[in-house]
Each structure stands twice: as structure tokens, then as C-alpha cells.
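So the structure is just underneath, and the comments pick up after that.
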């Protein structure tokens, strides 16, 4: 060990492709599983959440309009860059979740592999979920899946990286843009993930990562008129019901959370992409 | 003024239909009395009372849900899938056999032209059952993983604009996937659903698989809120859709909503004008404009505005309004006095906000509820008639100069159910279609439907699809969901 004094990282928000502090100037103390100080994280405010929605909406046309091959490569690039930073992620996960070095590394590996898995989905969704429609008339008809739009994601509270990636990657793979609220107590991997996204060709605004309290930010996102869907993964049960009720005001697509945080190592299938995909059916007459 | 084409009246006989003076509820395979009050259902073309039907109470709803649960657990759930399919094939055939009866009854109770109920609503309803019948034993191929499971009891609430067709859109996929149903038809159009109950009896469908509980809003609320309902499916207004989404929040109930719309019908300067005019007319005047996916906002490229409008007005002048049972009728009666009030109100607001109203000269019948086909010009995107769903034969005309402007205007709505594009240029069709945020896009056609083509909305037009493989997901749980 050298006696060099470490340069510590300032953890800020990841919003619109940049790393601003919360406009509110608020921070909160983040500790490891044993209660030792790790860092001061930004506590995102309602206005930060609204700025994030603006950024996500602004990024939607380009991201959803990119070719599926391009989106797949960008998401694969995320895995590549994460792989190079695996040690740093493992350290943060071990500290925040109180895991052994081996278990933390396994969670990081699973998170990287999840990006790879979703990267491979982008150009298969249309084939798997779309259809050619044999209508009873002289028409050519087909249906294609399309992204829902801007999706608010309340990330899981316990699994700070694998859980986070497991809810963000499907939203992006489906072509949506995201406003993500990290785990309140374990927010640091989210910001490090933001650094990975910023250096992985993911356009700014496609994924916006806010550290702070889902209970504070969730209600604003659930009722925001320019948010099209909400994933309640990290919302505690009484709050989840309130948010779902509030989301009804603008007919948002809601992905409910189970009472207990699930095992994020399980194969997710299409269960996290389907809720944030629409189906468009197109008709054209056939004739000469 | 005499009409351009004189036709002698050609009324369809209503003697084929035997409307009973009163109806109970269809629960557990039988017609039974309800415990609540009754209401009258009226012919909107004549204001004649057709029959008295039951307003289902919360007790009645509970009885129906319990019957559906029993049928699900004991009969329909365990049944061989192929046999479930055969029941649905039977129902499809029975609907075809009794098609004329259903069509006449639908036109009597709803006010829609017999030409539409006969050639569209009823054949499509039968086709929907036929299509889904075939799915019953092929659900492994629905894309939800192996052996997907039904949800249980579906509570379904449908609107008055296509009473029989909406019933088919709800009941056929629910039954094919192994669920049982309690269906509440709309307050003003309960009769074809009650006739459908007879079809279930003729098909020997096991008791409790389909239950029909008539009533109004309160009956629907009881059904949606019933704790033993696993799945709620609703078609109707966005306002009620919000209320339902709130009421199922925090439960395990699965929900699909098919709500309102304010579709743009975009006509480019290279469009075949005569065909576009036919499509615009079908888009907004089909079923008196009581269509959630109606093409109620016409977006015309500025350079062809005058030519298109002249041609459109000429065509509208030939539409025949009147007796729904007359085979020559193009536009029937407005379904209810309440809906007529809403259409009138929004039209008056349109004028008050500065848009110009045009209506052809036409004489409307003395009795019943009627509204002539109406075109508003000088409409701006901020006008209520360009934003609110009128749900009547009222078209708002706006203009655009560039494709980008057309797309921006078309998407400038909280709704996203459907849209239309008219142009001869194939690459433009595909590009515009791609950028429209709507669940159904008709290119060089409008208001086409098919059981194999998934239907449903983006944004506040709802979620979930009806029809096709995609529609099955609303009634199944699989490994992948």
C-alpha cells in the first residue's frame, strides 16, 4: 500500500448527459452497511425530477428512432465499459449492500451480463411481438411494437446495482427513455452507472439517474403529464398503491412491484419490456 | 330542397325480432330477477320504449361473480381446451344463423343504420368468436411461454356505440383463454347482450361461464370493485377509464382500457382526392361518429384544401339521414338525448371560439335524436372541437404545409388511438406512419377492423390490445408475464 492520499469522488446527479448537483443544493449522508460514512449524495428535488423528464422527452425521438441494431450496439457498449470498471462497482456494492467481495463481484458480473442480454433483444422485439395480420379483405396489415415514451423507474431499494440494471436496461432496450430514482440508502452504484452511460454512446437524456428518496420524487413522477409509464419496483407497498392511483390520472402504464423485492438473478423474460411497449397496427389497401 | 337521388323507403322488417316487455339478468345460465330497480331502454330514432331491463345491484353483481367463479373452478378452467374452442365455434355459427335478428335489434336499440349493423357489427362479432375459437387449444403459441394460465373471473364493461361487437371483443378472448366473465352492457343498449345470453343457452355453454348484468354506472362500479374479480376490461370514456384505474390500484387485478380518441386524418396534396373523400366520410360519419377511433380531425395540406373541401361537401350532401332500419340510410340516430346535448354543446362552443360551421341542407325526423353531418373550418389547434372528443358526426378541418407540421399537429393530443394518412407516395406513408403516436394507422383507408389485427391506444387512449395474438396477453399469465 502506498501512503498516497486517495482522491475521492463527488457523487452528483446524472441528468441530460451531465452531472449537476441537485438544484436544491441538498445532499445526504450515505453510509456502508455497518454505518460508516461513504459519501454525500445529492438529494434530488421535485425540480430535478421535472428537468429529468424534460431531458428524457427531448431524447426520445432520437433514441426511439435509432435503428434497433444501433440501440443494441450502444447497450452492448455499456456492458463493455462496465466490465472495465467492474472492480469499482464491486467495491461500491460490497460496501453498500454488506456483501463479501466474491458475492459483490458476482452481482456486478450478473449486471454486466444483463446489459448484454438486453442489448441482444433490441432487434428481436419486432419479430417476436409483431405480426403480419391476415385480415379478411384486400388489405396489407401488420403490427409492430413501439416504445411507450418516457418511463419513470423507481429502482429497487436493496439490490443497488443488479436490481438497478435489471429495471433500467429493459426500459432502454425497448426504446424508451428513463427517469430513474435510485435506492435511497444505496445510491452510489447508480451514479457510477451514470458515468458508464455517459461514456458508452448512450445519448444524453436517454437515461437520467437521480439519487434521493422515491417517496419524495415518486408522487411528482406518477402524476407528471409528460411521463407515459412508471415502474414501481422500488416503491414500498403503501406508497406503491398511492402512486398507482395517481398514475391513473394520465392513464400511465404501471408496472407493479411484488410485496417482496424479487431475486434479480432470475431470468426476466419479456416481463419488464412488455409493459412499456405499445402495439401499432397498420393497414393499407391492396390493389392495382 | 329535394335530394339529389330520390329513393323509395326500403325498411328492413322488424318482425324478425321478438323484444320482450322486460328482461331479468343472465346469471348462472338462467334469466333471473334482479334485486334492484329497473330502467327503460328506448329506440333513439323514435323515442319509443323498447323494453324494461334490470338495474343490477351490488348483490346481483356478487351473485354473478360467484357463478362465474364456480364455473371457472369446476367447469371452464379444467375443460379440455379444444372443447372450449368448440363452444366458441358454436357461438360464432349461432351468431351467423341469427345475424339478421341481431342486426335489427342492434339498430332498434342503438339507432345505427341497418346497413352497418347488418354488414359490419354482427358479421365482425361472429368473426371475432370464430377467430378466438381457434386460439383456445393453441395458447402455447401465444408468446407467453409454455402453458399460460387464465386469470380467473373477468369483469367487463362495454360502451353503447358497438354493443354487440364490443361484447364479442370482450367475451371471445376471455373465454378462449379459459376465463369466465361477468359482462355489463351499456345502460342505453342492453338488448343484444341479452339476446346473446339466449345464444349461450342454445350453444349449451355451461352455466356461469358467461353472465350478463345490465345496469348503469353504479352497476359497473360494483363489478370493477368486486374483490373476486381477477381481471377488468373496459371500453369507454377516458374519464371513466381513469376512475377504474384508480379503483383497481393497489389490487392484484389486471386491467386493460380502451378509451377515447381524437384521430387525425392527414391528406397530402398528392392523395387521390375522391378516395380520400370517401375515407374522410367513413372516418367521421360511420356510426354517427360514435366511434372512439373516428377521424375527427381532418388535416389537409394547404394546397389542396379548397378542392378537397368542395368535394367533401358535395359528397356529404348525398348522405341520407333518417330511419336506421331503412336500407338506404347512411346516418342514423344519435344514441341518447344526453349524447345529443353534448354534441350540440361542443358544436356551439366551436362557433363561439371562432370556427365556422357547415351543415348540408337536410330534413331531420320529428321524433328521436338527430344531428346532421357537420364540418367545422377555420379551426385552430387550441379550439375545444380540435381537442375534445365529440363522439358525434362533427369534423374539424385544420391545415398544414409540411410533413413535419402534419405529424406535429396529428400528435398534438392527449389521445393516441388511431390516425389516417392519404398519399400516393409509399415511402411517405411508411415514414409518417412510423412517426404517428397511435395504436392503429390506416393508410389510404379508414375504419377497418379485423379480429386478427390488434386494436388499442397509445397515451390516454388506454392500454392493452384487443384482437390477434397480442390481444391474448390481456387474459393470460405465463412465465413471460
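Filtering segment B:414-431 to residues that are under 13 Å from residue B:265 (Cα atoms) and either at pLDDT below 95 or surrounded by fewer than 24 Cβ atoms within 10 Å (Cβ to Cβ) (or both) leaves B:423, B:429. Of the residues examined, residue A:149 is one that is under 19 Å from the mean Cα position of the chain (by Cα), surrounded by 24 or more Cβ atoms within 10 Å (Cβ to Cβ) and more than 20 Å from residue A:200 (Cα to Cα).
Tell me which helices (runs of 4 or more DSSP H) are completely within segment B:384-481 and hold 2 or more residues being within 9 Å of another protein chain (Cβ to nearest Cβ), or say none if there are none. If you could, list the steps in order and put the result at the bottom.
On the way: elements: B:384-387, B:403-411, B:426-435, B:468-472.
Fully inside segment B:384-481 and qualifying: B:426-435, B:468-472.
A quick yes/no check of all residues on (1) under 23 Å from the mean Cα position of the chain (by Cα); (2) at pLDDT below 95; (3) within 11 Å of another protein chain (Cβ to nearest Cβ):
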{"position": "B:223", "(1), (2), (3)": "yes, no, no"}
{"position": "B:228", "(1), (2), (3)": "no, no, no"}
{"position": "B:231", "(1), (2), (3)": "yes, no, no"}
{"position": "B:234", "(1), (2), (3)": "yes, no, no"}
{"position": "B:240", "(1), (2), (3)": "yes, no, no"}
{"position": "B:253", "(1), (2), (3)": "no, no, yes"}
{"position": "B:262", "(1), (2), (3)": "yes, no, no"}
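Can you confirm whether segment A:55-65 contains a residue that is closer than 25 Å to residue A:271 by Cβ, without any contact (Cβ under 8 Å) to a residue 12 or more places away in the chain and surrounded by fewer than 19 Cβ atoms within 10 Å (Cβ to Cβ)? No, the conditions are met nowhere in segment A:55-65.
Listed by position, the strands (runs of 3 or more DSSP E) inside segment B:226-311 whose residues that are closer than 30 Å to residue B:175 by Cβ number at least 1 are B:231-235, B:254-258.
Can you confirm whether segment A:105-123 contains a residue that is in contact with a helix residue (DSSP H, G or I) (Cβ under 6 Å, 6 or more places away or on another chain), within 27 Å of residue A:159 (Cβ to Cβ) and at the interface with chain B (Cβ under 9 Å from one of its Cβ atoms)?
We begin by selecting, within segment A:105-123, every residue in contact with a helix residue (DSSP H, G or I) (Cβ under 6 Å, 6 or more places away or on another chain); these are A:105, A:107-108, A:110-112, A:114-116, A:118-119, A:121-123.
Filter again for within 27 Å of residue A:159 (Cβ to Cβ), leaving A:105, A:107-108, A:110-112, A:114-116, A:118-119, A:121-122.
Filter once more, keeping what is at the interface with chain B (Cβ under 9 Å from one of its Cβ atoms): none.
Taking every residue of segment A:105-123 in turn, none turns out to be in contact with a helix residue (DSSP H, G or I) (Cβ under 6 Å, 6 or more places away or on another chain), within 27 Å of residue A:159 (Cβ to Cβ) and at the interface with chain B (Cβ under 9 Å from one of its Cβ atoms).
Suppose we keep only residues that are under 15 Å from residue B:77 (Cα atoms) and surrounded by fewer than 24 Cβ atoms within 10 Å (Cβ to Cβ) within segment B:143-178. Which one would you say is nearest to the other protein chains (Cβ to nearest Cβ)? Applying the filter and picking the extreme gives B:148. In segment B:69-88, is there at least one residue being at negative phi, crowded, with 16+ Cβ neighbours inside 10 Å and under 24 Å from the mean Cα position of the chain (by Cα)? There is at least one residue in segment B:69-88 that is at negative phi, crowded, with 16+ Cβ neighbours inside 10 Å and under 24 Å from the mean Cα position of the chain (by Cα). Just one of the listed residues (B:195, B:205, B:299) is modelled with pLDDT of 95 or more and over 26 Å from residue B:122 (Cα atoms), and it is B:299.
Going residue by residue through segment A:224-237, is there one that turns out to be surrounded by 17 or more Cβ atoms within 10 Å (Cβ to Cβ) and without any contact (Cβ under 8 Å) to a residue 60 or more places away in the chain? So far as segment A:224-237 goes, no, none of its residues is surrounded by 17 or more Cβ atoms within 10 Å (Cβ to Cβ) and without any contact (Cβ under 8 Å) to a residue 60 or more places away in the chain.
Given segment B:113-214, what helices (runs of 4 or more DSSP H) lie entirely inside it while holding 3 or more residues that are out of contact with any strand residue (DSSP E or B) (no Cβ under 6 Å at 6 or more places or on another chain) and under 22 Å from residue B:452 (Cα atoms)?
Values: elements: B:122-135, B:163-176, B:191-202.
The qualifying helices (runs of 4 or more DSSP H) are B:122-135, B:163-176.
The values are calculated or read from the model by the stated rules, or taken from the named source; none is laboratory data. The model shown is predicted, which means the values in this text are computed figures rather than measured ones. Because the Cβ atoms are built from the backbone with ideal geometry, glycine has one as well, and the counts that use them run over all protein chains shown.
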